[in-house]
Amino acid sequence: MKSLLKNLISLMNKWDYCLILILLISALVFFILIHKSQNKDTVVIEYNNMIFKTVSLQENQLINVDNHMIIEIKNSKVRIKQSDCHNQLCVKQGWSDSFPLICVPNHVLVKIESHQNNKHQKKVLITY
């Protein structure tokens, strides 16, 4: 195995090293751009079909929605932590970083909007 690696290295010239360096640098730049674009996500909380609050997905916080529920944002994810609805399905949905969280009895919709791909964003229609 070592001799195969030595033979491979001996066959490489300076242009091969330049190509590898260019590929590594471009991968690093691509990773940085993707990471920065992910930081533009926002959480939109709608209550009774009106926007209640819009906050960044990057800020860890607890949001109280009209004393009906508590929404938690932590580590770039969101969840409905507590709710006063009967069956607690909204709480059981768990953490989300992409799909909407819905509490029908309290008329609350929590959705994540990405400013990176607004033209490809899916619309969510909620009826009561």
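The values are calculated or read from the model by the stated rules, or taken from the named source; none is laboratory data. Please read these numbers as outputs of a predicted model, since none were measured by experiment. Positions of Cβ are generated from backbone atoms using ideal geometry, with glycine treated the same way; all protein chains shown enter the neighbour counts. Heavy atoms of the whole protein, side chains included, go into the accessibility calculation; ligands, DNA and RNA do not. Shrake-Rupley method; radii C 1.70, N 1.55, O 1.52, S 1.80 Å.
If R0 is taken as 22 Å, the Cβ-Cβ distance between S114 and E59 corresponds to a FRET efficiency of 0.85.
Write down the accessible area per residue of region 1-71 in Å², having rolled a 1.4 Å probe over the full set of protein chains.
Values: 5700 Å² over 71 residues.
That works out to 80 Å² for each residue.
For region 10-83, the residue among A27, N75, N13 whose Cα projects farthest onto the positive side of the dipole built from Cβ charges is N13.
Once the Cα gyration tensor of region 49-88 is diagonalised, what are the square roots of 5 times its eigenvalues, in whole Å and ordered largest first, as equivalent ellipsoid semi-axes? Intermediate values should be presented prior to the final figure.
Numbers: eigenvalues 69, 34, 12 Å².
Semi-axes from the Cα gyration tensor: 19, 13, 8 Å.
In loop segments of region 47-120 as defined by DSSP, the GluC sites (Glu not before Pro) with at most 12 further C-beta atoms inside 10 Å of their C-beta are E59. When the scattering of region 1-118 is computed by the Debye formula from its Cα atoms alone, each counted once and equally, what is log10 I(q)/I(0) at q = 0.09, 0.19, 0.22, 0.23 Å⁻¹? Each listed q maps to, in turn, -0.43, -0.97, -1.17, -1.23. Computed over neighbours whose Cβ is under 10 Å from that of Y47, the net charge equals -1, Lys and Arg +1, Asp and Glu -1.
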